[in-house]
Structures are given as structure tokens and as C-alpha cells.
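Note sheet for the following structure.
Derivation of every value follows stated rules applied to the coordinates shown; laboratory data play no part. Because the structure is predicted, anything quoted here is derived from the model rather than measured. Note that each Cβ is placed from the backbone with ideal geometry, even for glycine, and that neighbours are counted across all protein chains shown.
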Amino acid sequence: MFEQYQELWLKTLQRLSLDFDKSEFEEIFKPVNKVYKIHKNLIYIVAPSQFHKSRIESFHIKHVVRVLNEVAREFLDINENFDVKIITEDFISNDATVPINAIDPNMNNLYRHNLKAIYTFENYVVGPNNRFANLVSLQVANQPGKVANPLYIFGGVGLGKTHLMQAIGNFIIDNDPNKKILYVKTEIFIEDYVKKIKNKTDIEFSQKYNDIDILLIDDIQFLSKKEQSQLEFFKIFEKMHNENKQIVVTSDKPTFELKDMMDRLTSRFEWGAQVDIKEPDINTRIDILKKKLASEKIGYEDVPVEILEYIAANFTSNIRILEGALKRVLFYATMMNKEITLDLTKEALKDVIPEIKNMKNTEIIEIQKAVCEYYNISLNNLLSKSRKACFVLPRQIAMYLVREIKNESYPKIGMAFGGKDHTTVMHSIQKIQNLRIINNQVDEVVKTLMDQITSTC
């Protein structure tokens, strides 16, 4: 990701500013602040003049490279060694090659910025549960449109399907920045199609979905019963497949279990390869926790292995919840100003150790009524458009609980809450997720309601 290397160089400059007199740094290094491209671990840095280029290369290049690699290990958390080449604008004007990892300023952000940089193959923990899925995904990323098209990835909630799908996109765009890659959730695709019909925005829809090289579509099961949306997606699928453009699909179930879906669509999902991701075993879960500690800049050797084993043994079916449990322990230790021990871990997690409960049968209205009863407000107020604080927080918590308990799509949750837009639902759920980490009171309310609702299942 180009932005990542640009930020790496800026951080390197910050570190270099500590090694030189202020006047020398501002004269020689400060104007050299732009990355042109990255090719085979060689980072091309643009100097404003031949003077700057010669001065750095003659006297400081070894020091610059050493500092950059130190920062890379801290900032990128990688052990590869980079080299630096200082260039001028003359080099750029005569460079006939396509800048690898460079961003085309004319490329619509739509095709790049909805991929999360953290979702890479390097950050994906591989175990017996996902090894084949990871292997096939790597092959697809290396040869898009040629190996398995479409690639259909299925598995339960929170097992890493989205991570693997976006890793494919990030890998492709790292190696060919001119590729137009679109990642989209199925519920957003449906909403875009509805807008196209209602507002007659055919051109806008066509530009988004037809002018792409790679389509990554998440949670295809939400196309169920959406006949017109299925037909539109079928047309896009046919066009892309005929042009050997890669399609990657995720779902919570294999193709033969998809309900209320066109046969000709599900049959096409079987043209390429189907790979599944199962629940990780305990060793893989421990590895996931170690990777999470590294991302938090905490060495796993600083956390006793018995703590990781305890968390991994109690949180088995959802990676997001597994990582959330670790974050809760780290936060709890920080707030209590105590060392991370097994006893502290048990104390932090005593109210959130998951129990095996059949939550899927809970109706949305039951969740809404439970929240209303807890906050002593009417159902009309919960579903209203009122922005009063006494209604907004309960409404957001109710949406969060519906998503957690029933795994409903954002549009469906929005409809159940008085026709709210999917972006409002997404914002509400994300806000409660964040509040649960930093606000113990909100976390307690959510746990209380979760226990109350699931105990009646």
C-alpha cells in the first residue's frame, strides 16, 4: 500500500531530524519528502534538486537506510531490509516503467479506499481450519481470473472470510496499482441497485460495477429472496466472467445450502473453487492472540502463556470475539493498574465468558422490547427519529444487539428500526463496539441485556 510507505518515509524523516543540526536537516532532508515508487524493496525518494540528491548519496545514504529499516521494523512490523534510491524529477520524466505501488491520482478512490490495509496475507494466521482456503486465495491473488474464478469462500461469522477476501485485493493492488478493485457488502449492492431503479442512476451504477477488474462481494447470502437484485448481479457476474475478470464471493454457508437463490446463479458459484473456513483449533487461536498482541505493540512473552490458553479455551467460535476478549483483559489491567495475571484475566472476563445458547430464534421485537423495558421508554420512542440522548443510546444498543444476536443485514436492521439508512445502522453498531471498550457502564448494560435476552431463548 503506497500510503504506508509514504508514511514510513515521513516517520524516517522525523527520526533523522534528531540526528542532525536543525539547519542542516531543514536544508538537506526536509525538502526530500516524497516517495515515487517501491520496486523489489527499493524505495525511490524524490529530491527537489541534484544538489540534495548528491549531498545525501555522498555523505548520508548508509545512515538513512539504517534508520529507515529501524523505523520499518517498528512501523510496519516486518523484518525485510529496504534500500533507498534518491532521484530527481528528471528521472521521473524519463522513467518508462509503471511506478510499482504508486497511486494513480486520476483513479477513483472507490476502487481502493474501501480495502483495509491491515487485511493482508502476512497478518492472516493460518491453521488447519483455513490452510486450504489461504493457499487457494494466494493462487487467486497471484493469477487473478485464471486459477479459480469465481472463488467462493464460506464459513461462520467472525472466522476471517472478509480478511482473506480483502487480502486478495490488497495483494493484487500492491503488485498492479492500476487494477480497479471493488470490495462491497451484499447489502450495499442491493441498496445501490434499489437506488438505480428509484432514481434512474443507471450510469452511476454502471460505472461502479461494470468498470472494474476485480469484484469482492461479501455475505452473498443476503441476496436471498431479492430476485431483481439477483438478476442484476447475475448480469454483472456473466460479463466479468466472460472477460476473465476475477470474482471473489463470501457466504456463511456452502452454495447448496443457499436458500431462495436463482439456480443459475448458485451453479455459477460452483464453476471455480469453493473453500471453507472452520473454527480454529486452540493452537491456532493462541497464535491469533499472539498476532493481536504484536499489533498492540506488546510482546507475547510479556503475557504468560496460561493467560492466552485460558482465553483461547473459552472463546472458540468467533475470532473477533476472541480478539475482543484479549483487548478487554489488556484494558482492564491498564485501568486497574495491575499486572496481567490469570486471576486478573478471570476477573476481567467473568461476565463475558460465552455460554452455548440458541440465540438465533430470538425475534427482533423481543430485543427491542427488552431494551425499552430496561430504559423505561416506549417502543415508539425507540423507533422514532428523535435525537434526544435518552432515546439515541438505547436505540444504538438495540441495533447492536440485533446484529450480535441475529446477524441481520444492516438494511434489514434499518427497516426494523423505522426505516433507518444502513449507514446510520453501521455507525450505531460501531459506536457501541467502541463504547464497550472504553465505557464500563455501557459494557455492563450490553452484557445485562444480552444475558436477559438469551436466557429466554
- [ ] Of the DSSP beta bridges with both residues in the chain, give the percent that are antiparallel, rounding to the nearest 5.
- [x] 20 percent
Open item on the list: Let's test the formula: R0 of 22 Å, r as the Cβ-Cβ distance of Ser58 and Lys85. What FRET efficiency results, to the nearest 0.05?
Closed with: 0.95
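Sort 396-405, 367-376 for me by packing, meaning the mean count of neighbouring Cβ atoms within 10 Å per residue, highest on top.
Order by mean packing, descending: 396-405, 367-376.
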Task: Mean projected area (nm²) of the alpha-carbon convex hull when region 2-94 is viewed from all directions - done: 5.7 nm²
Task: FRET E, pair Ile92, Val65, Förster distance 25 Å, beta-carbon r, rounded to 0.05 - done: 0.75
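Of the listed peptides 162-174, 383-395, 43-55, what is their order by residue-averaged count of other C-beta atoms within 10 Å, with the highest listed first?
Sorting 162-174, 383-395, 43-55 by mean packing, highest first, produces 162-174, 43-55, 383-395.
Report, in deg cm²/dmol and to the nearest 500, the calculated mean residue ellipticity at 222 nm for the chain, where each DSSP H run with n ≥ 4 adds -39500 (n - 2.57) and the sum is divided by the residue count.
-16500 deg cm²/dmol
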Open item on the list: Under 5 Å between amide hydrogens, which residues at least 5 positions from His39 or on another chain qualify, with H placed 1.01 Å from N in the peptide plane?
Closed with: Tyr44
Open item on the list: Just to be sure I follow: if Rg is taken over the C-alpha atoms of region 131-277 and Rh is the Kirkwood radius over the same atoms, what is Rg/Rh?
Closed with: 0.94
Task: Extreme residue, positive dipole direction of the chain, given options Ile86, Ile197, Leu164 (C-beta unit charges) - done: Ile197
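If each residue's Cβ is checked for other Cβ atoms within 10 Å, how do Ile453, Ile377 rank with the fewest at the top?
On the way: Ile453 20, Ile377 17.
Neighbour counts put them in this order, fewest first: Ile377, Ile453.
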- [ ] At q = 0.18, 0.20, 0.28, 0.30 Å⁻¹, work out log10 I(q)/I(0) for region 134-188 with the Debye formula, treating every Cα as an identical point scatterer and leaving solvent out; two decimals please.
- [x] -0.62, -0.77, -1.30, -1.38
Task: Histogram of C-alpha separations across region 228-295, 10 Å bin width, % - done: 16, 37, 21, 19, 7
Task: Most to least packed among 334-342, 206-214 [average Cβ atoms within 10 Å] - done: 206-214, 334-342
Task: Cα-based Rg and Dmax for the chain, where Dmax is the largest Cα-Cα distance (Å) - done: 25.1, 75
TODO: Please give the length that would be gained between His427 and Glu373 if that part of the chain were fully extended, namely 0.36 nm times their separation in residues minus their C-alpha to C-alpha distance (nm, one decimal).
DONE: 17.1 nm
- [ ] Give me the net charge of Gly414's neighbourhood, meaning all other residues with Cβ under 13 Å from the Cβ of Gly414; Lys, Arg count +1, Asp, Glu -1.
- [x] +1
Open item on the list: About the Cα centre, and with charges only on the beta carbon of Lys, Arg (+1) and Asp, Glu (-1), how big is the dipole of the chain? Nearest 20 debye, please.
Closed with: 1040 debye
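Equivalent-ellipsoid semi-axes (√(5λ), Cα gyration tensor) for region 282-349, whole Å, largest first?
After diagonalising the Cα gyration tensor, the semi-axes are 17, 13, 11 Å.
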Open item on the list: Just want to confirm a number: the relative contact order over the chain, from Cα pairs under 8 angstrom separated by 6+ residues, in percent.
Closed with: 12 percent
- [ ] Over 16 Å, how big is the tail of the calculated P(r) for region 364-454, in percent of all Cα pairs?
- [x] 47 percent
Open item on the list: Nearest 10 degrees is fine. How inclined is helix 131-142 to the longest principal axis of the chain, computing both from alpha carbons?
Closed with: 50 degrees
Open item on the list: What does the net charge come to around Asp218 if you take all other residues with beta carbon closer than 10 Å to its beta carbon, with K and R at +1 and D and E at -1?
Closed with: 0
